[in-house]
Amino acid sequence: MPTLALGQVRDRVGVILAPVVETDPPVYPELVDAIVPPALILEWADPWLAQQMIAGKLAPMYAMLNVFCLAPRVEPSYAALEVIVARVLALFQADPYPWNLTGAQSPRRFDIAAVPTLGSRLTFQIPVYVGGT
C-alpha cells in the first residue's frame with residue numbers, strides 16, 4: 001500500500017467513515033460552525049506531524065488526526081457514544097492502511113449550539129508523505 005500524502009489523509013478517512021445506513025453519523029472532513037449530533041468531525045491532532053531519528057537518519061513522517069465522535073445528546077448516557085466509537089474503530093481496523101490508535105479521550109460533555117452532547121476524540125497516527133514542490 002503506498003504512503004498517503006498529507007493532503008490525502010482527511011479524504012481517506014472520510015471514505016473510511018462514510019455513512020452506509022441512515023443511522024450512521026455524518027462525517028465532516030473540515031471544521032464546521034454548526035452541526036447536529038450525532039456526527040464525526042475530522043481535525044488535526046496536536047502534534048500534527050512527528051518524525052523520529054533511526055540510526056542517525058530521519059524515519060518516515062507521521063500525521064496525527066482526531067476523529068471527534070459526538071453522540072446525539074448527553075442522554076442516553078454513554079451507550080450511544082460507545083456504539084459510535086466501536087464503529088469508528090472497526091472501520092479503521094478494516095482499512096488496509098496502517099492506522100495506529102494513539103489516544104482516546106475520555107467521554108465528556110460538549111455544548112454544541114447550547115445543546116449538551118457527549119463526545120470523545122480518537123487520535124490516529126499514520127505514516128505520510130510530505131513533499132515539496
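The values are calculated or read from the model by the stated rules, or taken from the named source; none is laboratory data. Keep in mind that what you see is a predicted model, and the values were worked out from it rather than measured. Neighbour counts are summed over all protein chains in view; Cβ atoms, including those assigned to glycine, are modelled from backbone coordinates with ideal geometry.
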Inset, instruction - Look through the stretch 17-33, keep the residues that are hydrophobic (A, V, I, L, M, F, W, C) and either in contact with a strand residue (DSSP E or B) (Cβ under 8 Å, 6 or more places away or on another chain) or buried (at least 17 other Cβ atoms within 10 Å of the Cβ) (or both), and return whichever of them is farthest from Ala94 (Cα to Cα). - result: Val32
Inset, instruction - Could you tell me whether the stretch 79-99 includes any residue that is within 24 Å of Val15 (Cα to Cα), assigned to a strand (DSSP E or B), without any contact (Cβ under 8 Å) to a residue 60 or more places away in the chain and over 13 Å from the mean Cα position of the chain (by Cα)? - result: no
Inset, instruction - Pull up the stretch 17-33, narrow it to residues that are of a type outside the set (D, E, K, R) and more than 18 Å from the chain's Cα centre (by Cα), then point me to the one that is nearest to Ser120 (Cα to Cα). - result: Thr23
Inset, instruction - Residues being surrounded by 15 or more Cβ atoms within 10 Å (Cβ to Cβ) and not hydrophobic (A, V, I, L, M, F, W, C): count how many of those fall in the stretch 78-101. - result: 4
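Listed here are the residues, each with its yes/no results for (1) polar (S, T, N, Q); (2) touching a Leu at 6+ places or on another chain (Cβ under 6 Å); (3) modelled with pLDDT of 95 or more.
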residue	(1), (2), (3)
Val15	no, no, yes
Glu43	no, no, yes
Ala63	no, yes, yes
Pro76	no, no, no
Inset, instruction - Please work out which residue is surrounded by the fewest Cβ atoms within 10 Å (Cβ to Cβ), limiting yourself to the stretch 113-133 and to residues that are within 18 Å of Ala34 (Cβ to Cβ) and of a type in the set (Val, Ile, Thr). - result: Val115
Inset, instruction - Would you be able to say whether some residue in the stretch 45-68 is of a type in the set (Gly, Ala, Ser), surrounded by 17 or more Cβ atoms within 10 Å (Cβ to Cβ), touching a residue at least 60 places away in the same chain (Cβ under 8 Å) and touching a strand residue (DSSP E or B) at 6+ places or on another chain (Cβ under 7 Å)? - result: yes
Inset, instruction - Determine the pairs where a residue that is assigned to a loop (DSSP other than H, G, I, E, B), located within the stretch 10-38, has a partner that is surrounded by 13 or more Cβ atoms within 10 Å (Cβ to Cβ) and of a type in the set (Phe, Trp, Tyr) with Cβ atoms under 8 Å apart, the partner being 6 or more residues away or on another chain. - result: Ile35/Tyr28
